[in-house]
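The values are calculated or read from the model by the stated rules, or taken from the named source; none is laboratory data. Every value quoted in this text rests on a predicted model; they were computed, and no experiment measured them. Glycine gets a Cβ as well: all are built from the backbone with ideal geometry, and neighbour counts include every protein chain shown. Ligands, DNA and RNA are excluded from the accessible area calculation, which covers all protein heavy atoms including side chains. Shrake-Rupley method; radii C 1.70, N 1.55, O 1.52, S 1.80 Å.
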Amino acid sequence: CLNGHDHFMHKEIHEQPAILSDLNGHDDQWCQMMAQMPDAMVKAQHISVVACGTSYYAGMTARSWFEKYAGISISVEFASEFRYRAGAIRPGRAGLFISQSGETADTLAGLRHFNNHGCPTIAVVNVPTSAMAREAEMAVPTRAGSEIGVASTKAFTAQLATLLRLAIELGSRNGTLDTKNYRRIRREMEEMPNLVREVLSNEHIIKSVTSLLGDCTSTLFVGRGDCYPLALEGALKLKEISYIHAEGFAAGELKHGPIALIDENMPVFVLAPDTPLLVKTSSNAREIAARNGKLFVLTDDDEAAGFKGEKGVEFIKMPPCTEDQIPFVYVTALQLISYHAALDRSADVDRPRNLAKSVTVE
Ligand code: M6R
């Protein structure tokens with residue numbers, strides 16, 4: 001059942017192009033779902049996205065899609081906090097619950113909380129028979145197939161693709177997104193499987209760069225804009241399976257405290273795709289380099305990132321992609337980094353210590 005892979009995590013990372021291709025279909029089901037979508041959801045002024053762990057980071061990544069393509073304001077909440085926040089649910093709000101298992105206790109409690117208030121609820125879930133799929137007003141399947149590795153990989157990219165599709169379907173239904181842009185985004189989604197394949201074909205390079213982490217005990221991940229939630233996800237993945245301490249930061253927040261951590265023993269992964277924000281991210285990376293931090297720069301343009309040919313800076317070359325493609329492409333590299341870092345430390349990548357695949361108690 002490993003299909004020639006050494007671990008489920010590796011197999012699941014490599015399944016992502018096929019899953020993304022499949023998710024580009026199902027037009028009839030989307031038509032049906034959108035026709036059945038409660039009016040209160042389409043007209044919601046605000047959506048609270050509620051989730052835990054990697055699913056929470058999928059929600060954070062999707063926030064800008066709902067804002068720019070559907071014109072809906074979004075807050076993304078940790079389910080474990082949200083469920084105890086009196087007054088968090090107001091009239092005119094809808095709840096969007098993201099979960100691979102569909103059984104996570106805190107997310108399910110948040111969903112029930114919304115249902116009790118009579119507000120519309122949508123669950124974006126991978127397990128179609130799960131409690132969340134049954135109890136939400138509408139369930140949207142992420143179709144990643146069963147995920148065995150405790151570290152969520154293919155479920156995350158499937159959540160992203162589903163959330164992007166949901167954002168553009170909502171936007172075209174509520175009149176925020178015009179047909180030209182809807183078609184452009186669908187075309188970009190069609191290109192994603194090949195972009196992810198390109199990252200996977202460079203796995204040997206990612207593996208050898210990762211081996212340079214040596215026996216470091218702590219790492220940082222930094223990014224701006226859509227790369228900020230990816231930095232958080234990269235850090236979660238690394239600590240979860242390799243047990244290397246890792247933190248993710250918004251690049252602009254570095255000088256508000258975290259930069260004090262930087263010294264020659266601190267590897268820093270910088271997510272630096274060529275976007276209008278690159279110049280800002282590069283200047284943050286310069287500040288890290290000036291304090292002897294060891295830079296690992298993920299970029300499609302090392303010249304624009306400002307470190308071309310510089311000694312001591314490691315590059316992980318990424319394919320050029322559009323803004324909406326970045327999360328899919330960059331997270332695949334981050335997944336491979338944690339996988340190889342964990343193997344270098346002989347960790348059990350599929351069953352990391354102290355963790356369960358589904359967290360059904362608080
Ligand atoms: O099943 P869920 O998506 O609700 O699970 C949420 C988290 O427990 C899960 O994403 C966890 O953070 C992963 N193990 C991370 O890889």
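Would you compute, from DSSP H runs of 4+ residues alone, the mean residue ellipticity of the chain at 222 nm, taking -39500 (n - 2.57) per run and dividing by the full residue count, rounded to the nearest 500? Present the calculation step by step, with values, prior to reporting the outcome.
Numbers: 14 runs with 168 residues, N = 362.
After summing the helix terms and dividing by the residues of the chain, the value is -14500 deg cm²/dmol.
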Tell me, what is the per residue accessible area of the chain in Å², probe radius 1.4 Å? 41
Quick check: with the 1.4 Å probe, what order do D302, D215 take by accessible area, largest first? D215, D302
Residue-by-residue Karplus 3J(HN,Hα) for region 126-138, coefficients 6.51, -1.76, 1.60, Hz, glycine and proline x: 8, 9, x, 9, 6, 4, 5, 4, 6, 8, 6, 4, 9
Based on Cα positions only, what radius of gyration and what Dmax would you give for the chain, in angstroms? 19.9, 59
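Would you work out the charge dipole size for the chain about its Cα centre, treating the Cβ of every Lys and Arg as +1 and the Cβ of every Asp and Glu as -1, and quote it to the nearest 20 debye?
Details: 36 positive and 44 negative charges, 135 e Å.
Here the size comes out at about 640 debye.
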Take the solvent-accessible surface of the protein heavy atoms, probe 1.4 Å, and return the percent of it on region 255-362 that carbon and sulfur atoms account for. 51
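Taking Rh as the Kirkwood radius computed over C-alpha pairs, what is the Stokes-Einstein D of region 79-182 at 10 °C in a medium of viscosity 1.306 mPa s, expressed in µm² per second? Could you put the intermediate results ahead of the total?
Details: Rh = 14.6 Å.
Estimated diffusion coefficient is 109 µm²/s.
Please give the charge dipole size of region 61-147, origin at the Cα centre, charges +1 on K and R Cβ atoms and -1 on D and E Cβ atoms. Round to the nearest 20 debye.
Numbers: 9 positive and 8 negative charges, 49 e Å.
So the magnitude is around 240 debye.
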Three principal axis extents, largest first, for the C-alpha atoms of region 280-362, in Å? 46, 31, 24
Largest-first principal axis extents, alpha carbons of region 74-138, Å: 30, 21, 20
Mind scanning K207/K239; K207/K357; K68/K239; K180/K280; K317/K357; K239/K357 and naming the pairs with a C-alpha gap bigger than 21 Å? K207/K357; K68/K239; K180/K280; K317/K357
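Take the solvent-accessible surface of the protein heavy atoms, probe 1.4 Å, and return the percent of it on region 1-158 that carbon and sulfur atoms account for. Don't skip to the answer; put the middle values down first.
Numbers: 3010 of 6070 Å².
Ligands and nucleic acids excluded, carbon and sulfur reach 50 percent.
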Using the alpha carbons of region 9-152, what is the convex hull volume per residue in cubic angstrom, as a whole number? 109
Stick to the Cα atoms of region 197-298, pair each with every other, and give me the Kirkwood hydrodynamic radius in Å at one decimal. 13.8
